[in-house]
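Novice: First the structure, which I've put down as structure tokens, then a few questions once you've had a look.
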Amino acid sequence: MSRTFQLIAGHPVLDFVNTLDYRFRDAGAIELLASYADLLSFVRQSGLAGEHQSAALQGTSHAPVAAKALRSARELREALAAWFYTADEENPLRLEAVKTLERCFLEADRHRQLALRPAPRERNESLRVAWTWGRFENHPRLPVWLIARAAAGLLTSKDTNRIHECKSATCRWLFLDMSRNHSRRWCDMQLCGNRMKARRFQRRLKPEPSPSGLPVPSKN
């Protein structure tokens, strides 16, 4: 049974980083990419891979190279997490992350190929070429390369200034803040937003103890 992901970050790369849930929780994180099948489900649900592409890759899910691809995907994810969550530019973790990201990005680029794309006759256009995955279209590492390509695009764009983390200390999921004044605080209002509002409301209702040890009556 394929896993269903909560894709609420506004960008597939940020949703990908969020696949290690409760990353900073004392009780431990929850791995949402538990198998290669989960990785395939993610790239399909996030729109990075099509249905036909995902179905073709499903046949390789038990191959040893698929297990290596899953490990590579997690390595890429943690390098992205180190970059996004580490603000200090001189932090050794962030500097090491850049090396890993560069290696992943270059590997993805090495497996792309130029292919001829006949133009539609009705447009009266000449023959042209386009980037494809060619003979690597059904390679088990393709999901990693698809994510790497998307990550390279995000990290070299101006949208990096809009990447924030959820203000819930137990969540801290990443998201792309596209609000006009950059005021978004929660990964999702229905999840963490309403939960934190409820907690603040309960704290306001809770009576404060008096010096005598008896509760102070509410002002309401």
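Novice: Test residue 22 against the stated conditions and say whether it is under 22 Å from residue 166 (Cβ atoms), touching a Gly at 6+ places or on another chain (Cβ under 8 Å) and surrounded by 13 or more Cβ atoms within 10 Å (Cβ to Cβ).
Specialist: Yes; evaluated as a whole, the condition is true for this residue.
Novice: Looking for whichever is farther than 23 Å from residue 106 by Cα, in a helix (DSSP H, G or I), without any contact (Cβ under 8 Å) to a residue 60 or more places away in the chain and not hydrophobic (A, V, I, L, M, F, W, C) here; the options are 2, 41. Which one fits?
Specialist: From the options 2, 41, the qualifying one is 41.
Novice: For the stretch 5-19, what are the residues that are of a type outside the set (A, V, I, L, M, F, W, C) and crowded, with 16+ Cβ neighbours inside 10 Å?
Specialist: Once the filter is applied, which keeps residues that are of a type outside the set (A, V, I, L, M, F, W, C) and crowded, with 16+ Cβ neighbours inside 10 Å, the stretch 5-19 yields 10, 11, 12, 15, 18, 19.
Novice: Right, next: Which residue out of 2, 61, 46 is surrounded by fewer than 16 Cβ atoms within 10 Å (Cβ to Cβ) and in contact with a helix residue (DSSP H, G or I) (Cβ under 6 Å, 6 or more places away or on another chain)?
Specialist: Checking each option against the conditions leaves just 2.
Novice: Here's a follow-up. Could we say that residue 67 is in a helix (DSSP H, G or I), surrounded by fewer than 16 Cβ atoms within 10 Å (Cβ to Cβ), among the small types (Gly, Ala, Ser) and out of contact with any His (no Cβ under 6 Å at 6 or more places or on another chain) here?
Specialist: yes
Novice: Quick check on my filter: what residues within the stretch 150-167 are free of Cβ contacts under 8 Å to residues at least 60 places away in the same chain and surrounded by 18 or more Cβ atoms within 10 Å (Cβ to Cβ)?
Specialist: If the condition is that a residue be free of Cβ contacts under 8 Å to residues at least 60 places away in the same chain and surrounded by 18 or more Cβ atoms within 10 Å (Cβ to Cβ), then 152, 164, 166 are the ones that fit.
Novice: Starting from residues that are small (Gly, Ala, Ser) and farther than 15 Å from residue 149 by Cα, keep the ones in the stretch 70-89 and report whichever is surrounded by the most Cβ atoms within 10 Å (Cβ to Cβ).
Specialist: Selected residue: 82.
Taken together, the values in this text are just the output of simple stated rules run on the coordinates, not laboratory data. This structure is a prediction, so every number in the text was calculated from the model and none was measured. Backbone-built Cβ (ideal geometry, glycine too); neighbour counts: all protein chains shown.
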